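Below is one structure; the comments refer to it alone.
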Amino acid sequence: MSHVLSTGVASPADANTFFEAQLKYRTDPADLAADLLAGEAAIVVIDTRSPEHYGKAHIPGAISFPHSTMSPATTEGLARDKVYVCYCDGIGCNGSTQGAYKLAALGFQVKELIGGLHWWRQDGFAVASGAQAGVLQEGGIACGC
């Protein structure tokens with residue numbers, strides 16, 4: 001018997017609902033970079049790691065906002081009409097998930113960056129360092145999708 005088929009297969013309608021939901025919750029480095037390069041004002045990128053890690057390397061344009069500091073008081077200055085894309089180191093870290101969870105619980109629209117900073121770099125996108133957010137100037141590899 002097939003290992004792939006042994007657990008069943010979702011109906012096309014169920015699969016459509018599932019994958020549509022995934023796209024609502026996550027984005028990838030290529031799509032995020034395209035929006036940053038286009039100057040998409042509705043997107044705000046949040047680095048959910050420590051300020052020390054942010055200072056060493058971060059996505060250009062990202063703001064440092066460690067998930068451990070997110071609260072009603074610390075989010076008062078965030079705009080409610082933006083979509084916040086949270087990221088951390090990568091798939092072995094859940095800082096982006098925790099940040100997105102906390103922001104969503106506080107009423108903000110959020111997405112999580114698939115693969116975090118690791119996949120951002122793997123796709124050839126530049127990083128910034130230091131305390132300043134910086135600006136993404138050029139793209140990495142073109143997505144093969």
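Each value in this text was obtained by applying a stated rule to the coordinates, not by laboratory testing. These numbers were taken from a predicted model, which means no experiment stands behind them. Neighbour counts run over all protein chains shown; Cβ positions are idealised from the backbone, glycine included.
For region 1-27, which positions are under 23 Å from VAL110 (Cα atoms) and small (Gly, Ala, Ser)?
In the first step, residues of region 1-27 are kept if they are under 23 Å from VAL110 (Cα atoms); the result is 15-27.
ALA15, ALA21, listed by residue number.
Restricting attention to region 72-128 and to residues that are of a type in the set (Asp, Glu) and more than 13 Å from PRO29 (Cβ to Cβ), the residue that is surrounded by the most Cβ atoms within 10 Å (Cβ to Cβ) turns out to be ASP89.
Quick grid of which residues meet (1) closer than 21 Å to ILE114 by Cα; (2) free of Cβ contacts under 8 Å to residues at least 40 places away in the same chain; (3) in contact with a Cys (Cβ under 6 Å, 6 or more places away or on another chain):
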| position | (1), (2), (3) |
| --- | --- |
| PHE18 | yes, yes, no |
| ALA21 | yes, yes, no |
| PRO29 | yes, no, no |
| ALA38 | yes, yes, no |
| ILE46 | yes, no, yes |
| ILE63 | yes, no, no |
| SER71 | no, yes, no |
| ALA79 | no, yes, no |
| ASP89 | yes, no, no |
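Counting only residues that are part of a helix (DSSP H, G or I) and among the β-branched types (Val, Ile, Thr), region 3-43 holds 1 of them.
When you check THR75 against the structure, is it in a loop (DSSP other than H, G, I, E, B), under 19 Å from the mean Cα position of the chain (by Cα) and hydroxyl-bearing (Ser, Thr, Tyr), yes or no? For THR75, the condition - in a loop (DSSP other than H, G, I, E, B), under 19 Å from the mean Cα position of the chain (by Cα) and hydroxyl-bearing (Ser, Thr, Tyr) - is met.
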